[in-house]
1. So which of 242, 200 ends up being assigned to a strand (DSSP E or B) and at pLDDT below 90?
2. Would you be able to tell me the number of residues in region 57-71 that are under 19 Å from the mean Cα position of the chain (by Cα) and either surrounded by fewer than 12 Cβ atoms within 10 Å (Cβ to Cβ) or over 16 Å from residue 86 (Cα atoms) (or both)?
3. Restricting the search to region 203-226, which residues are assigned to a strand (DSSP E or B) and closer than 28 Å to residue 130 by Cα?
4. In this structure, does residue 48 turn out to be touching a residue at least 12 places away in the same chain (Cβ under 8 Å), closer than 24 Å to residue 167 by Cβ, assigned to a strand (DSSP E or B) and not assigned by TED's automatic domain parsing to the domain that holds residue 166?
5. Kindly indicate whether any position in region 178-185 is at positive phi and not assigned by TED's automatic domain parsing to the domain that holds residue 52.
6. In region 146-161, which residue that is assigned to a strand (DSSP E or B) and at pLDDT below 80 is farthest from residue 199 (Cα to Cα)?
7. With respect to residue 103, is the statement that it is assigned to a loop (DSSP other than H, G, I, E, B) and touching a residue at least 60 places away in the same chain (Cβ under 8 Å) true?
8. Evaluate region 81-89: report whether one residue or more is modelled with pLDDT under 85, within 19 Å of the chain's Cα centre (by Cα) and not assigned by TED's automatic domain parsing to the domain that holds residue 195.
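The values are calculated or read from the model by the stated rules, or taken from the named source; none is laboratory data. Computed from a predicted model, the values in this text were never measured in an experiment. Don't worry about glycine lacking a Cβ; one is built from the backbone with ideal geometry, like all the others, and counts go over all protein chains shown.
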């Protein structure tokens, strides 16, 4: 690849990023994009991600597979991120690999390369992306998929597990739990991972004094496909067998896979007085 191709790729990527910023529907698409550009003894890495909840790890590996640079950046509220480093420290000639990762999903994992000869960056591979690129004037229509949430529990204990998936990874999920008579007993908040999956463990509180069916409602926004309800049955302050009910809300009957992962969530239980 010659320098002209690299420059053209950088220009196309810049237009794409501008378009994504101009059209929120395109930004909502899951995935991450990135490019690298050399300027003298600096290499700049920049891009945009659909999630601003998780830090982005950037790793540069030499031709000998030694890690020569390792850093971490936080994306802005618009999903944009940037990172640069001094290429004067690179003593090996050959192709170096840049790896960008956010979370564990392949949708947020990219690699590209650049060549160093005599301590100077001579070539940079073109921009990379795992999300659809929409150019100015042709915004991609938003395809909302919805929220999936499931409650399960450890029988005869106070432990309840909540797992699910959403296509709005950048929006927290508000959780409300009500008693069999309709009183709010607990409220909380769950933050999805970068790939939209979430998992949280909650405990049956001392205020859960009624026996019967407790209703768990998860909601991200006012769109009805982002509000789901599931139930858990409690007796004598403990989870009883065979209560689990999967609550699924999807658009056009699409089924989203539920992946149980450890979540970087901020569930704050606030017992009702």
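1. Details: 242 fails: assigned to a strand (DSSP E or B).
Going through 242, 200 in turn, the sole match is 200.
2. 1
3. Filtering region 203-226 down to residues assigned to a strand (DSSP E or B) leaves 203, 212-219.
Hit for region 203-226 is 219, nothing else.
4. On the way: touching a residue at least 12 places away in the same chain (Cβ under 8 Å): yes; closer than 24 Å to residue 167 by Cβ: yes; assigned to a strand (DSSP E or B): yes; not assigned by TED's automatic domain parsing to the domain that holds residue 166: yes.
In short, yes.
5. Here is the first cut: in region 178-185, the ones at positive phi are 182.
Those still in the list that are not assigned by TED's automatic domain parsing to the domain that holds residue 52 too: 182.
Yes, region 178-185 contains at least one residue that is at positive phi and not assigned by TED's automatic domain parsing to the domain that holds residue 52.
6. Taking region 146-161 first, the residues assigned to a strand (DSSP E or B) are 147-153, 159-161.
Adding the requirement that they be at pLDDT below 80 leaves 152-153.
Details: 152: 11, 153: 13 Å.
If we take residues in region 146-161 being assigned to a strand (DSSP E or B) and at pLDDT below 80, then 153 is farthest from residue 199 (Cα to Cα).
7. Values: assigned to a loop (DSSP other than H, G, I, E, B): yes; touching a residue at least 60 places away in the same chain (Cβ under 8 Å): yes.
Taking the combined requirement at face value, the residue satisfies it.
8. Filtering region 81-89 down to residues modelled with pLDDT under 85 leaves none.
Within region 81-89, none of the residues are modelled with pLDDT under 85, within 19 Å of the chain's Cα centre (by Cα) and not assigned by TED's automatic domain parsing to the domain that holds residue 195.
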